[in-house]
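In what follows, a single structure is set out as structure tokens and then discussed.
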């Protein structure tokens with residue numbers, strides 16, 4: 001994929017070449033490879049300068065370790081059992097595990113763990129350990145079948161791991177601030193047959209979006225009050241497993257820490273937990289994902305196999321393991337020490353408090369949890385979301401004040417938020433300092449992360465009430481230009497002026513034969529969309545959402561609105577794209593799925609060319625999903641659809657184009 005961005009400070013164009021290797025009949029020359037690598041490095045640097053939305057710490061310098069890239073370092077096997085593979089870093093992995101054991105208050109030599117490929121692997125190993133532990137605790141001839149309990153805010157890797165491990169589960173509701181409702185958890189456990197289905201409880205310390213902390217101490221208290229002795233608790237502390245302990249250290253050592261609460265949540269082996277997963281790339285920061293899994297030896301009920309081939313125990317989930325990860329983690333901890341990591345934790349927390357104050361000053365609703373690093377605020381316009389790599393859920397966005405996030409970055413973000421707010425969140429032009437000097441097809445492209453030469457965007461527009469739009473599809477006229485009676489269509493064109501939408505006078509749809517081999521060079525006259533639809537606030541939200549992308553790729557503010565219903569029966573397919581794989585001849589297109597009823601098929605695919613064998617993307621668009629595509633760079637196609645039963649199948653979509661494809665020439669009769 002080609003990627004083009006622009007450096008804000010010096011307007012230097014960053015161009016990344018096509019990285020495809022499929023059509024390389026011979027090796028690239030050294031200077032060509034260097035050009036690819038230099039461009040990629042500049043692109044990453046540009047992204048890093050505004051990277052604030054995810055819990056990854058980019059504040060690190062491991063250049064001193066570059067010599068280790070000369071070796072294939074593989075920690076295959078158990079970290080505590082010597083093997084026959086000689087180039088390993090187990091001598092550093094064991095001190096890493098020892099460091100975490102001390103941090104998590106595990107008794108000396110009573111723990112076991114290893115450095116994993118990431119938090120997902122660590123969580124899966126914890127759930128597997130919990131399942132085997134609970135199954136082995138049975139005194140009856142029937143093996144118990146644990147049920148896993150976790151909150152709706154729990155990381156998605158937990159659900160995936162439970163499916164893969166075939167563990168039944170129950171989702172527990174969360175408080176508005178994101179922590180599990182302990183009373184609901186206990187209700188669910190007490191309603192089950194605990195002997196037959198012992199609880200495997202997943203506790204999260206730092207949820208992905210709100211950085212909420214489940215109250216583990218209260219959970220343990222409730223388990224004891226109800227005399228529940230057979231349980232296993234896995235703690236997903238991927239985010240805060242390193243952050244919270246150093247806040248606790250700051251209190252113990254009187255580092256003048258000004259914390260919002262004196263109560264630091266306890267989540268470690270001081271309580272009767274089974275295992276912990278904590279990420280290395282989040283708080284510490286590494287150039288690749290990694291994590292640590294830890295448990296107590298008494299919880300390990302697995303039958304480990306001795307593998308003669310590697311001379312070690314096959315005790316870890318993966319066989320070959322990245323030996324660089326322990327080296328990088330050891331180096332980071334050794335260069336900072338307990339004191340440096342404590343100051344690091346306090347710095348991140350102070351930056352979060354600073355961000356709350358600055359975003360409040362910008363006039364947005366903003367909040368964060370006590371001791372949280374996630375600062376949550378009203379979702380800004382799309383160009384801000386993409387410039388700052390903001391994670392979004394519904395109408396909320398957040399930043400994570402990881403180690404690389406500075407006051408200066410917060411100030412610049414705040415300036416963007418203030419400018420967007422002062423202009424009503426929707427401007428015909430972006431602020432002038434966001435328009436770089438790059439010219440592409442006579443169109444200035446703002447320097448945000450949606451790239452008009454390469455990108456497509458897929459998002460779920462949560463702010464739209466789909467039920468309010470559905471009635472406008474119930475009285476649709478048949479498409480007079482297609483045979484078969486399976487497609488119904490209206491068409492209007494509108495313009496966006498500031499924060500308002502205006503319907504334009506009736507026009508005729510026209511596409512060249514070069515773009516539409518089926519109906520190209522035909523001037524088509526469709527009935528207008530209902531004015532009540534155009535005036536509907538939920539419809540206007542859709543238009544503005546699309547235009548946030550479109551205006552990055554065009555000078556036009558005119559949008560064509562294609563309101564299309566495709567009908568399918570069991571014996572007759574419907575064709576959402578009867579013209580086949582095609583482009584529309586515009587700058588940007590958007591496909592918004594409003595409704596799918598009683599159908600299969602209708603997969604939307606993007607291709608780099610008309611003859612490409614493999615699509616760049618294939619997906620069934622579900623109701624509420626908006627796909628935005630650079631029409632100049634991709635061909636698109638939606639496969640036929642068929643009804644699932646004797647009832648008609650229905651697919652309702654809005655197709656939006658910018659510009660609008662309108663001509664004032666009268667249709668030929």
Worksheet item: What percent do you get for the relative contact order of region 14-148 when only Cα pairs under 8 Å and 6+ apart count?
Response: 12 percent
Worksheet item: With axes computed from alpha carbons, what is the tilt in degrees of helix 156-165 against the longest principal axis of the chain, rounded to the nearest 10 within 0 to 90?
Response: 70 degrees
Item to complete: Take every Cα pair under 8 Å in region 90-333 that's 6+ residues apart, average their separations, divide by the length, and report that relative contact order as a whole percent.
Response: 28 percent
Discussion item. Report the Cα centroid-to-centroid distance between region 386-416 and region 150-225 in angstrom, as an integer.
Written reply: 29 Å
Worksheet item: Rg/Rh for region 90-333: what does it come to with C-alpha atoms and Rh from Kirkwood?
Response: 0.96
Worksheet entry | Extended-chain gain in nm, criterion 0.36 nm per residue less alpha-carbon gap, residue 67 and residue 19 | 14.6 nm
Practice prompt. Grab the beta carbon distance between residue 145 and residue 467, set R0 = 51 Å, and tell me the FRET efficiency rounded to 0.05.
Written response: 0.80
Worksheet item: How high is the relative contact order of the chain, in percent, counting Cα pairs under 8 Å that sit 6 or more residues apart?
Response: 13 percent
Worksheet entry | residue 335-residue 541 pseudo-label distance in nm [points 7 Å out on the Cα-to-Cβ vector] | 4.6 nm
Fill in: Separation between Cα centres of region 572-596 and region 296-362, rounded to whole Å
46 Å
Practice prompt. Assuming R0 = 45 Å, can you tell me the calculated FRET efficiency for the pair residue 343 and residue 393, based on Cβ-Cβ distance, to the nearest 0.05?
Written response: 0.90
Response to the item:
If one compares the long axis through the Cα atoms of helix 537-550 with the longest principal axis of the Cα atoms of the chain, the angle in degrees, nearest 10, works out at 80 degrees
Discussion item. Given the DSSP H assignment, sum -39500 (n - 2.57) over each helix run of at least 4 residues in the chain and divide by its residue total; what's the result at 222 nm in deg cm²/dmol, nearest 500?
Written reply: -8000 deg cm²/dmol
Worksheet, complete the sentence: With label points set 7 Å from each Cα along the Cα-to-Cβ direction at residue 474 and residue 251, the distance between them in nm comes to 5.9 nm
Worksheet item: What is the distance, in nm, between label points placed 7 Å from the Cα along the Cα-to-Cβ direction at residue 367 and at residue 309?
Response: 5.4 nm
Item to complete: Evaluate E = 1/(1 + (r/R0)^6) for residue 528 and residue 579, where r is the Cβ-Cβ distance and R0 equals 25 Å; express this FRET efficiency to the nearest 0.05.
Response: 0.65
Item to complete: Among DSSP beta bridges whose residues both lie in the chain, state the antiparallel percentage, nearest 5.
Response: 85 percent
Worksheet item: So what is the diffusion coefficient of the chain in µm² per second by Stokes-Einstein at 37 °C and 0.692 mPa s, using a Kirkwood Rh over Cα pairs?
Response: 117 µm²/s
Discussion item. I'd like the projected area of region 456-663, averaged over all directions, using the convex hull of its alpha carbons. Report it in nm² with one decimal.
Written reply: 10.8 nm²
Discussion item. If packing is taken as the average count of other Cβ atoms within 10 Å, what order do 503-512, 490-499 fall into, highest mean first?
Written reply: 490-499, 503-512
Item to complete: Can you quote the Å³ per residue value for the convex hull of the Cα atoms in region 250-396, rounded to an integer?
Response: 192 Å³
Response to the item:
Exposure-ranked with fewest Cβ neighbours within 10 Å first, 213, 481, 156 stand as 156, 481, 213
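Quick note: the coordinates plus some simple rules give every number you see, no bench work behind them. In this text, all values refer to a predicted model and were calculated from it rather than measured experimentally. Note that we place each Cβ from the backbone using ideal geometry, even for glycine, and neighbour counts take in every protein chain shown.
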